[in-house]
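Every number here is computed from the coordinates shown, using simple stated rules; none is lab data. If you're wondering where the values come from, they're calculated on a predicted model, not measured in any experiment. Please note: Cβ atoms are built from the backbone with ideal geometry, for glycine as well, and neighbour counts cover all protein chains shown.
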Amino acid sequence: MPAPVSTIARVRSMEELQGGMEFGAEAQEPWRMPPFFLARLAEQMGDVARATAAYARFIDSWPEADPSLPILADARNRLAVLRSGAVEPPDRR
């Protein structure tokens with residue numbers, strides 16, 4: 001049977017795992033993330049319509065979230081750029 005792990009050891013382990021990353025509510029709700037990842041992929045492929053729809057779906061699915069969450073701010077900024085038409089398709093060479 002393994003030795004019990006103290007609370008201090010658990011906290012230290014979590015700090016090591018985090019490695020300076022900022023964990024917010026978005027890290028606790030991974031089921032909300034697929035539309036964001038799909039939007040990023042569509043954006044990289046130059047599919048503005050799909051990226052726009054996926055970012056909007058991601059933002060709309062999380063109305064109770066803190067608006068200052070970095071992932072939501074990123075999604076809002078990306079959506080605004082896509083809607084403004086200021087996006088150039090990726091170079092397909």
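With θ set to phi - 60° and the Karplus curve 6.51 cos²θ - 1.76 cosθ + 1.60, what are the ³J(HN,Hα) couplings of region 38-44 in order, to the nearest whole Hz, using x for Gly and Pro?
Once θ is set to phi - 60°, the couplings for region 38-44 become 5, 5, 4, 5, 4, 4, 5 Hz.
For the pair Ala49 and Ser61, how long in nm is the line joining their label points, each one 7 Å along Cα→Cβ?
2.1 nm
Residue by residue, what Karplus-based ³J(HN,Hα) values in Hz, rounded to whole numbers, does region 61-76 have, using 6.51, -1.76 and 1.60 with θ = phi - 60° and x for Gly and Pro?
Residue by residue, region 61-76 yields 7, 10, x, 8, 6, 5, x, 8, 4, x, 5, 6, 4, 4, 4, 4 Hz.
Do you know the relative contact order of region 22-84, to the nearest whole percent, from alpha carbon pairs under 8 angstrom that are 6+ apart?
34 percent
Among Ala49, Ile71, Pro35, whose Cα lies farthest out toward the positive end of the dipole of region 22-84, if unit charges sit on the beta carbon of Lys, Arg (+1) and Asp, Glu (-1)?
Ala49
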